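The values are calculated or read from the model by the stated rules, or taken from the named source; none is laboratory data. This structure is a prediction, so every number in the text was calculated from the model and none was measured. Positions of Cβ are backbone-derived with ideal geometry, glycine not excepted, and every protein chain shown enters the neighbour counts. Remember, those area values only see protein heavy atoms, side chains included, never the ligands or the DNA or RNA. Shrake-Rupley method; radii C 1.70, N 1.55, O 1.52, S 1.80 Å.
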Amino acid sequence: MSLPDRKEAEVRRMLDGPHPPVPPDLALRAAASGRRLLVHRRLARRLLWLLAVAALAALLVWAAVDQPWLPPPVHTTPPLEGW
């Protein structure tokens, strides 16, 4: 038989000792905290979707106004030939 592990012995000693009292409203507080966490996650997800849609709309408006697929305008006149 091997020697008991120090950590295991310490955990067993802690579990064998007196247990601290549990607050009566612990479950209610945990549920409220979980609800707040879900609301914050849902809000963050909606804000990220809104930001993504706004970025896409801005990209589409920029593309419609600037038309980057067209060649740039020529700023010099072509040489006069055939006069």
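Here are the numbers:
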item: Column: log10 I(q)/I(0), Debye, Cα scatterers of segment 1-51, q = 0.23 Å⁻¹; result: -0.87
item: Surface per residue (accessible, 1.4 Å probe) for the chain, Å²; result: 104
item: Cα-centred dipole magnitude for the chain, charges only on beta-carbon of K, R (+1) and D, E (-1), debye, nearest 20; result: 640
item: Accessible surface of segment 4-66, 1.4 Å probe, proportion on carbon and sulfur as whole %; result: 70
item: Listed residues Arg35, Arg12, Arg45, most fluctuating in the chain (Gaussian network, C-alpha, under 10 Å); result: Arg12
item: Mean ellipticity per residue at 222 nm, deg cm²/dmol - from DSSP H runs of n ≥ 4 across the chain, formula -39500 (n - 2.57); result: -22500 deg cm²/dmol
item: Area accessible to solvent at Leu43, 1.4 Å probe radius, in Å²; result: 100
item: Options Trp62, Ala44, Pro24, ranked by Cα towards positive dipole end of the chain, top entry (Cβ charges); result: Pro24
item: His75 paired with Arg45, simple spin-label distance in nm, labels 7 Å along Cα-to-beta-carbon; result: 5.0
